[in-house]
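What follows draws every value from the coordinates through simple rules; no lab data is involved. Everything numeric here is computed off the predicted structure, so don't read it as measured data. Using ideal geometry, Cβ is built from the backbone for each residue, glycine included, and neighbour counts are taken over all protein chains shown.
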Amino acid sequence: MTAKILMIAPGDAGAPIVEALAAAHRQAAIDALLLPRGERDERRYRELVKAVAPPAQQQGIAVLIEGEPGHVRTLGADGLHLTAPSDSDLRDAVAALHPQFMIGVGGIESRHAAMTAGELGADYILFGPLSGRISEHQRELARWWAETMEIPSVLSDPDAGRDSVDAESCEFIGLRLPTGGAPE
């Protein structure tokens with residue numbers, strides 16, 4: 001597999017994911033970790049990011065969070081992931097964070113939405129879900145984007161296994177961080 005790995009933490013993961021991430025990183029190079037907010041309240045999410053980000057970054061893994069642009073600096077993250085943001089939300093995030101921090105966009109369901117996110121300054125476009133299986137439509141969008149555009153494409157197929165997933169020419173593959181440690 002030539003695509004880089006963006007590991008996606010389970011939405012209900014706690015601080016023990018630090019050990020799971022380290023074990024996974026020993027098995028395969030992980031370039032980034034996305035920490036979805038899930039159902040956590042603000043306090044619990046901040047605690048999770050503060051517990052996970054430093055050890056992940058010490059391993060050379062960029063940490064992406066969900067939330068407000070201001071949280072990226074406050075929590076010591078490397079970037080912000082936005083799911084289906086409005087144009088104004090993406091513009092605000094770019095204005096607040098670029099060029100020091102990454103901004104990624106997911107929840108993309110059309111070529112037009114992907115192109116708009118790219119034009120507004122997204123550093124990567126994520127096609128597929130943060131949990132579950134990717135649809136054939138999302139897979140086709142990822143393939144088209146990777147073959148047509150320069151902004152990196154992430155094919156997010158969290159339920160796929162590392163050895164069985166096809167990255168479809170995308171620069172990154174999004175996989176679920178398994179509780180057992182190694183990418184499945």
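Count the net charge of all other residues whose Cβ sits under 14 Å from the Cβ of GLY76, scoring Lys and Arg as +1 and Asp and Glu as -1. Walk me through the numbers before you get to the answer.
Values: positive: ARG46, LYS50, ARG73; negative: GLU47, ASP78.
Once positives and negatives cancel, what remains is +1.
Considering only DSSP states other than H, G, I, E and B, which GluC sites (Glu not before Pro) in segment 1-82 qualify as loop sites with at most 14 other Cβ atoms within 10 Å?
For GluC sites (Glu not before Pro) across segment 1-82 that sit outside H, G, I, E and B with at most 14 neighbouring Cβ atoms in 10 Å, the list reads GLU39.
So what is the relative contact order for the chain, in percent, with contacts set as C-alpha pairs under 8 Å and at least six apart? Mind showing how you got there, number by number?
Values: 385 pairs, mean separation 44.8, N = 184.
For the chain, the relative contact order is 24 percent.
Between GLU147 and LYS50, what FRET efficiency comes out of the Förster formula 1/(1 + (r/R0)^6) with R0 = 30 Å and r the beta carbon distance, rounded to 0.05?
Efficiency at R0 = 30 Å is approximately 0.15.
Could the peptides 76-83, 105-112 be put in order, highest first, of the mean number of other beta-carbon atoms found within 10 Å of their residues?
Details: 76-83: 21.0, 105-112: 17.6.
The packing order, highest mean first, is 76-83, 105-112.
If you put +1 on each Lys and Arg Cβ and -1 on each Asp and Glu Cβ, how big is the dipole of the chain around its Cα centre, in Debye rounded to 20? Working shown, then result.
Numbers: 16 positive and 27 negative charges, 105 e Å.
Around 500 debye, computed over the chain.
Once you order the gyration tensor axes a ≥ b ≥ c over the Cα atoms, which shape class does segment 23-111 get: rounded for a/c under 1.5, otherwise prolate or oblate by comparing a/b with b/c? Spell out each step's value before the answer.
Working: a/c = 1.64, a/b = 1.42, b/c = 1.16.
Because a/c hits 1.5 or more and a/b exceeds b/c, segment 23-111 counts as prolate.
At 222 nm, what value in deg cm²/dmol follows for the chain if DSSP H runs of at least 4 each add -39500 (n - 2.57) and the sum is divided by all its residues, to the nearest 500?
After summing the helix terms and dividing by residue count, I get -11500 deg cm²/dmol.
Loop only per DSSP, at most 15 neighbouring Cβ atoms within 10 Å: give me the trypsin sites (Lys or Arg not before Pro) in segment 1-60, ordered by residue number. Please list the in-between numbers first.
Numbers: sites: LYS4, ARG26, ARG37, ARG40, ARG43, ARG44, ARG46, LYS50; in loops: ARG37, ARG40.
Answer by residue number: there is no such site.
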